[in-house]
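Input: a single structure, listed below in structure tokens.
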Amino acid sequence: MKSLDGKVALITGGARGIGRAICQAYVAAGAKVAVADLLEDDARATAAELGDHGMAVVMNVTELDSIARGVAAVEAAWGGIDILVNNAGIFNMASIDKVTLQDYRRQFDVNLGGTIFAIQAVVPSMKKRGGGAIINFSSQAGRRGEPNIVLYCATKAAVISVTQSLALELAGDNIRVNAIAPGVIDTPMWDVVDAQFAEYENKPRGQKKREVGEAVPLGRMGDPADVADPCVFLASDAARYVTAQTLNVDGGNWMS
């Protein structure tokens with residue numbers, strides 16, 4: 001049997017990058033997958049790749065009504081939700097003198113609020129189905145401070161805390177809550193990150209990306225599939241006794 005056979009998964013930020021790789025890995029493991037994203041065209045394209053086991057859901061994780069509509073659409077199509085992957089996230093650099101209230105609210109609303117309120121929306125369905133698995137996305141930046149990204153680091157550290165608290169709260173309902181802390185993963189988002197580092201560190205574009213890959217103990221940046229496979233494990237019965245944990249998937253960058 002496939003490890004996720006018969007399961008229904010909702011993946012936020014599922015249209016591109018790590019989210020898309022998770023969608024593909026989940027379908028390969030037997031799950032039906034709702035690709036939830038603000039990027040409607042990209043979500044539909046990814047869902048189309050998944051065939052009958054995929055559906056696109058337009059979702060803005062900063063708006064409760066949008067989350068509710070997306071969850072309701074999945075429940076109407078497939079009867080409920082067994083797995084939630086909170087992958088949606090944004091990144092922006094700013095030294096402390098340039099941090100704005102707008103950026104503060106935006107990063108916390110997406111990276112942390114989106115995680116909390118997506119969980120709130122799916123828990124009733126999971127309870128009805130006798131349990132479930134939730135995987136949140138932190139980052140190696142949530143494990144340590146880094147210059148000029150105070151907001152991003154803070155949101156990703158908070159995701160680890162939320163994961164621990166809700167794992168304890170939901171354990172009695174047979175709902176496991178874990179997180180993944182990726183390192184440097186080669187996705188379209190890293191092109192944005194590289195451009196911002198180029199500005200703050202006065203480096204040519206592409207140099208920071210090359211440097212961080214070379215600095216990884218395993219000698220390279222990660223591929224989205226390197227993250228998707230552990231995400232399958234955490235959603236499966238193979239991880240049935242694992243909850244409240246944050247798994248580092250970073251090629252050895254951080255040890256904890």
Fill in: Criterion (basic (Lys, Arg) and farther than 18 Å from residue 179 by Cβ) met by exactly one of 143, 106
106
Worksheet item: Can residue 62 be described as of a type in the set (Ser, Thr, Tyr) and outside any helix (DSSP H, G or I)?
Response: yes
Worksheet entry | First in the stretch 13-29 and touching a residue at least 60 places away in the same chain (Cβ under 8 Å) and on the phi > 0 side of the Ramachandran plot, second anywhere and crowded, with 24+ Cβ neighbours inside 10 Å and assigned to a helix (DSSP H, G or I), Cβ under 7 Å, 6 or more apart | 13/19
Fill in: Residues of the stretch 21-47 satisfying the condition of being part of a helix (DSSP H, G or I) and either closer than 21 Å to residue 80 by Cα or β-branched (Val, Ile, Thr) (or both)
22, 23, 24, 25, 26, 27, 28, 43, 44, 46, 47
Worksheet entry | the stretch 173-198 residues that are farther than 15 Å from residue 146 by Cβ and modelled with pLDDT of 90 or more, paired with ones that are of a type in the set (S, T, N, Q) and in a helix (DSSP H, G or I) (beta carbon under 7 Å, 6 or more apart) | 177/163; 178/163; 179/163
Response to the item:
Log entry, pairs with first residue in the stretch 101-123 being acidic (Asp, Glu), second being not in a helix (DSSP H, G or I), beta carbons closer than 6 Å, six or more apart or on different chains, reads 103/92; 109/62
Practice prompt. Scan the stretch 57-95 residue by residue and report those that are more than 20 Å from residue 192 (Cα to Cα), over 20 Å from the mean Cα position of the chain (by Cα) and among the hydrophobic types (A, V, I, L, M, F, W, C).
Written response: 72, 73, 76, 77, 78
Item to complete: Give 138, 125, 161 a once-over and let me know the one that is at pLDDT 95 or above, polar (S, T, N, Q) and surrounded by fewer than 16 Cβ atoms within 10 Å (Cβ to Cβ).
Response: 161
Worksheet item: Inside the stretch 15-30, can you point out the residues that are in contact with a helix residue (DSSP H, G or I) (Cβ under 6 Å, 6 or more places away or on another chain), small (Gly, Ala, Ser) and within 18 Å of residue 90 (Cβ to Cβ)?
Response: 15, 17
Worksheet item: For the stretch 76-83, does any single residue satisfy the condition of being outside any helix (DSSP H, G or I), on the phi < 0 side of the Ramachandran plot, out of contact with any Leu (no Cβ under 8 Å at 6 or more places or on another chain) and of a type in the set (A, V, I, L, M, F, W, C)?
Response: no
Item to complete: Mind telling me which of the residues 250, 223 ends up being charged (D, E, K, R), surrounded by fewer than 19 Cβ atoms within 10 Å (Cβ to Cβ) and under 22 Å from residue 24 (Cβ atoms)?
Response: 223
Discussion item. I want to confirm something. Restricting to the stretch 89-117 and keeping residues that are in contact with a Leu (Cβ under 8 Å, 6 or more places away or on another chain) and not in a helix (DSSP H, G or I), which single residue is modelled with the highest pLDDT?
Written reply: 99
Worksheet item: Looking at the stretch 218-233, is at least one residue acidic (Asp, Glu), under 22 Å from the mean Cα position of the chain (by Cα) and not in a helix (DSSP H, G or I)?
Response: yes
Practice prompt. Quick one: residue 144 ticks every box in (1) outside any strand (DSSP E or B); (2) surrounded by fewer than 24 Cβ atoms within 10 Å (Cβ to Cβ); (3) within 14 Å of the chain's Cα centre (by Cα); (4) touching a residue at least 60 places away in the same chain (Cβ under 8 Å) except a single one, so which number is it?
Written response: (3)
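The values are calculated or read from the model by the stated rules, or taken from the named source; none is laboratory data. Everything numeric in this text was worked out from a predicted model, so none of it was measured. As a convention, Cβ positions derive from the backbone with ideal geometry for all residues, glycine included, and neighbour counts pool all protein chains shown.
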